[in-house]
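Report on the following structure.
The values are calculated or read from the model by the stated rules, or taken from the named source; none is laboratory data. No experiment lies behind these values; they were computed from the predicted model shown. FYI the Cβ positions are ideal-geometry reconstructions off the backbone, even for glycines, and counts take in every protein chain you see. SASA here: full protein model, heavy atoms, side chains in, ligands and nucleic acids out. Shrake-Rupley method; radii C 1.70, N 1.55, O 1.52, S 1.80 Å.
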Amino acid sequence: PEQPLPTATSAIGIDVGIARFATMSDGSVVAPLNSFKKHQQNRRKVKFSSNWKKAKARVQKIHIGIANARKDFLHKTTTTISKNH
């Protein structure tokens, strides 16, 4: 059986920005995730060397993790907003 949709008790406006992820019309603020800054590291390697290829693979894994964290954050945030308003 289909689950009934939650009944909306209020409406809210959302302003999406750069410094703050989202600001609601009721004054509440959703902070950004900033997962890139947490995982960012500087590596200097000779281009196309074996160590460069290994570092590139590590960086790709990190960026996949960052992308997944952003998708999860967006999904959880939008789900919370849609269930409450």
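Can you find, among T80, T9, N51, the residue farthest towards the positive end of the dipole of the chain? Put +1 on the C-beta of Lys and Arg, -1 on that of Asp and Glu.
N51
Once you keep just the Cα pairs under 8 angstrom separated by 6 or more residues, what percentage relative contact order results for the chain?
Relative contact order here is 30 percent.
Counting only protein heavy atoms and a 1.4 Å probe, tell me what percentage of the chain's accessible area is made up of carbon and sulfur.
In the chain, the share of accessible area belonging to carbon and sulfur is 55 percent.
With every protein chain kept in the model, how would you rank V16, V30 by accessible area, 1.4 Å probe, largest at the top?
Ranked from most to least accessible, the order is V16, V30.
Given charges of +1 on the Cβ of Lys and Arg and -1 on the Cβ of Asp and Glu, with all other atoms neutral, how large is the dipole of segment 30-69 about its Cα centre, in debye to the nearest 20?
Computed about the Cα centre, the dipole is about 320 debye.
Can you list the lysines whose alpha carbon is less than 24 Å from that of K76, not counting same-chain residues fewer than 8 positions off?
Partners within reach: K37, K38, K61.
Report, in degrees rounded to the nearest 10, the 0 to 90 angle that the Cα long axis of helix 50-84 makes with the longest principal axis of the chain.
0 degrees
If you stretched the chain out fully between N84 and K54, how much longer would it get, using 0.36 nm times the residue separation minus the C-alpha to C-alpha distance?
6.3 nm
Hey, any idea what Rg/Rh is for the chain, computing Rh the Kirkwood way over Cα pairs?
On the Cα set of the chain, Rg over Rh gives 1.20.
With every protein chain present, what is the per residue accessible area of the chain (1.4 Å probe, Å²)?
Result: 87 Å² of accessible area for each residue.
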